[in-house]
Amino acid sequence: MGVTATMTRREFTAAGLTTLAGFAHAVDDAPVGANMGLLLYSYGRRATAEKDKNFADPVRFIEFAKTRGANAVQLPLGSRTEADAALIRKASEKHGVHVEGIIAPPKDEKADRDRFTNELATARNAGAGVVRVVMLGGRRYEVFEKPEEFAAFAKRAEETLRIAEPIAKSQKVVLAVENHKDFRTDEQVALLKKFGSDWLGVCLDTGNNLALLEDPLGAVETLAPFARSVHLKDIGVEESSDGFRMAEVPLGQGCFDLKAMVAAVRKANPTARFLLEMITRDPLLIPCLGEKYWATLGSVPGRDVARTLRLVRKHARKDALPRITTLKPDEQLAAEDRHVRESFAYAAKERLIPG
């Protein structure tokens, strides 16, 4: 039987306090030795709540990330003057926090190519040698209803990268294409191999391919040789009548073999940086038992479905994953910060990412 109950606000708060107790000494101060960066999206709720305070400003976020124990950040840098980009680089060097960018892929119009070029120049001037890009903003199984629609998207993605790659090469900035619940690993590897470029790689998200019924560790091992940056996350799961739900949880509290994932990436590319992506939100539904899900995934082997559902049943919690939207706004912000702190404390304590 699937888990359908939701955790109440009181239960969520109590659970959070219980979990936090185990990390009490570790999170009082920024943990030393986590050797991990921080993605702005880990503080998406705070960035929205403190927009008027410019929480997402690169210099401010670098300073903030340092207080959480981060040695790198990844965030949108936009298009800035050389002088403004130099301020970001200066903050990066002062605090020992490396910078990676986030950028939207270029459209065919000249104006958008110019925008893309200018943003890459800003990234370079700010000291960012890698920028993350996604080819599909949504989720494959939610966006497309016919195989032809996905095929058209895949064609556009290749055309977009053919525009983007020469620009990245000229600016000497690597484009790291995230596995963003769009391509399965074999599809993404085939796409990148068409280019064979040192300026195209992968922003390897350790959790996303579970939503496409791939083995989490297997997906990491397949993409690791192409990894230029890593969104490190752990995932909690629960059963659902139409598939399963998954949610980011603090590192060490989910079902992933994080040490094996880290080892696979470091073996393939020792220079790839690991950045925490801990998005505090309600669990995402993966409706793999519904008809629409299979509109573009008809070639997925039945053994992948069986393996994924076995994983979910094995690791499903007795209590439902927390629903963040049941909390008050201040409680949501507190949970978001707690999840990040717990993750950094775990990474430091377990020496998850060797220095």
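The values are calculated or read from the model by the stated rules, or taken from the named source; none is laboratory data. As the structure is a computational prediction, the values presented were derived from the model and not from experiment. With ideal geometry, Cβ positions are generated from the backbone for all residues, glycine too; neighbour counts draw on all protein chains shown.
The condition (being surrounded by fewer than 19 Cβ atoms within 10 Å (Cβ to Cβ), in a loop (DSSP other than H, G, I, E, B) and of a type outside the set (Ser, Thr, Tyr)) is satisfied by just one residue among Leu333, Leu289, Leu285: Leu289. In the stretch 176-214, the residue that is farthest from Gly236 (Cα to Cα) out of those that are in contact with a helix residue (DSSP H, G or I) (Cβ under 8 Å, 6 or more places away or on another chain) and in a strand (DSSP E or B) is Leu200. If you go through the stretch 48-65 and keep only what is assigned to a helix (DSSP H, G or I), in contact with a strand residue (DSSP E or B) (Cβ under 9 Å, 6 or more places away or on another chain) and without any contact (Cβ under 8 Å) to a residue 60 or more places away in the chain, you end up with Phe61, Ile62, Phe64, Ala65.
Of the residues Leu223, Leu204, Leu213, which single one is closer than 14 Å to Val312 by Cα, within 19 Å of the chain's Cα centre (by Cα) and either among the polar types (S, T, N, Q) or at pLDDT 95 or above (or both)? Working first, answer last.
Details: Leu223 fails: closer than 14 Å to Val312 by Cα; Leu204 fails: closer than 14 Å to Val312 by Cα.
The conditions single out Leu213.
Against the conditions (1) more than 24 Å from Ile102 (Cα to Cα); (2) free of Cβ contacts under 8 Å to residues at least 60 places away in the same chain; (3) touching a strand residue (DSSP E or B) at 6+ places or on another chain (Cβ under 8 Å), Ser240 satisfies every one except (2). Listed conditions (1) over 17 Å from Pro76 (Cβ atoms); (2) surrounded by 17 or more Cβ atoms within 10 Å (Cβ to Cβ) are all met by Ala123, apart from (1). Scanning the stretch 198-237 for residues that are aliphatic (A, V, I, L, M), free of Cβ contacts under 8 Å to residues at least 40 places away in the same chain, more than 20 Å from Gly252 (Cβ to Cβ) and surrounded by fewer than 24 Cβ atoms within 10 Å (Cβ to Cβ) returns a single hit, Leu200.
Does the stretch 281-303 contain at least one residue that is of a type in the set (Asp, Glu) and either touching a helix residue (DSSP H, G or I) at 6+ places or on another chain (Cβ under 7 Å) or without any contact (Cβ under 8 Å) to a residue 60 or more places away in the chain (or both)? Yes, some residue in the stretch 281-303 is of a type in the set (Asp, Glu) and either touching a helix residue (DSSP H, G or I) at 6+ places or on another chain (Cβ under 7 Å) or without any contact (Cβ under 8 Å) to a residue 60 or more places away in the chain (or both).
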